[in-house]
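A quick write-up on the structure given underneath.
No lab work stands behind these numbers, since they all come straight from the coordinates. This one's a predicted model, so the numbers in the text were calculated from it and none came from an experiment.
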Amino acid sequence: MGFTTLALKKPAVTRRRALGHPGCRRLLLLFGLLLALPLQAAEFFITGVHIRPQANVYLLDANVDYRFTEEALEALDNGVPLTLQMNIEIQRKRKWWLDAEVASLQQRYRLQFHPLSHQYLLQNINSGAFYAFQTLSAALDAMGSLHNFPLLDAQLIQEGENYEVLLQAELDIEALPSPLRPLAYITPAWRLNSDWYTWSLMP
């Protein structure tokens, strides 16, 4: 019986020694860093969100800080247009079932550098409007500022219910030129997006 007890304890000691081995600790540290990569990959940041009712419509104000990788900036400077979109979802909260989708919409922009004029051209795809900027920072500031954006008809909101507005900004890889798309699918530098920003909306 004493031999059996010793045989059961020995593997536990071996496992403790293995976990304490420097090589094992390095592997655990590397694994932890890999798990953290998706959190660090977000290059866009949503701030300054405010939603208010006005004339039977809910209006949205929001700012997006677009921070592109070197790969995306190099492509932009070489004439590749970049399409950015703000994904917006409005959901009604439910206690005993999945949240109900009230509305879903997108605000889309196309940003391109024009080498002859040395200007950055910004198109609001939703409205078709074009704008020209002398610097990239000016174009990004304009693209990242949503003001008085018509979000939702107030008639779709019911008294006594709770709602959430979810916002996410991302680079649309599908809108890239076809020769560049396969590389963008597998390269982290092209997976540019923000985390989902959640705003509670109560009538």
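A simple rule links phi to the HN-Hα coupling: the Karplus curve 6.51 cos²θ - 1.76 cosθ + 1.60 with θ = phi - 60°, which for the stretch 174-187 gives 5, 8, 5, x, 4, x, 8, 4, x, 5, 5, 4, 10, 9 Hz, with x for Gly and Pro.
In this structure the amide hydrogen of L152, modeled in the peptide plane, comes within under 5 Å of the amide hydrogens of Y58, none closer than 5 places in sequence on its chain.
Take the alpha carbon gyration tensor of the stretch 30-171, find the square roots of its eigenvalues, order them as a ≥ b ≥ c, and report rounded if a/c is under 1.5; if not, report prolate when a/b exceeds b/c, else oblate.
Values: a/c = 2.88, a/b = 1.42, b/c = 2.03.
Since a/c reaches 1.5 but b/c is at least a/b, the shape of the stretch 30-171 is classed as oblate.
Residue-wise HN-Hα couplings along the stretch 104-113, as the Karplus relation 6.51 cos²θ - 1.76 cosθ + 1.60 with θ = phi - 60° gives them from phi, are 8, 8, 9, 10, 10, 10, 10, 10, 8, 9 Hz; Gly and Pro carry x.
Database remark: amide H of Q119 closer than 5 angstrom to the amide H of H114 (H placed geometrically; neighbours at sequence offset of 5 or more, or on other chains; Pro and chain starts carry no H).
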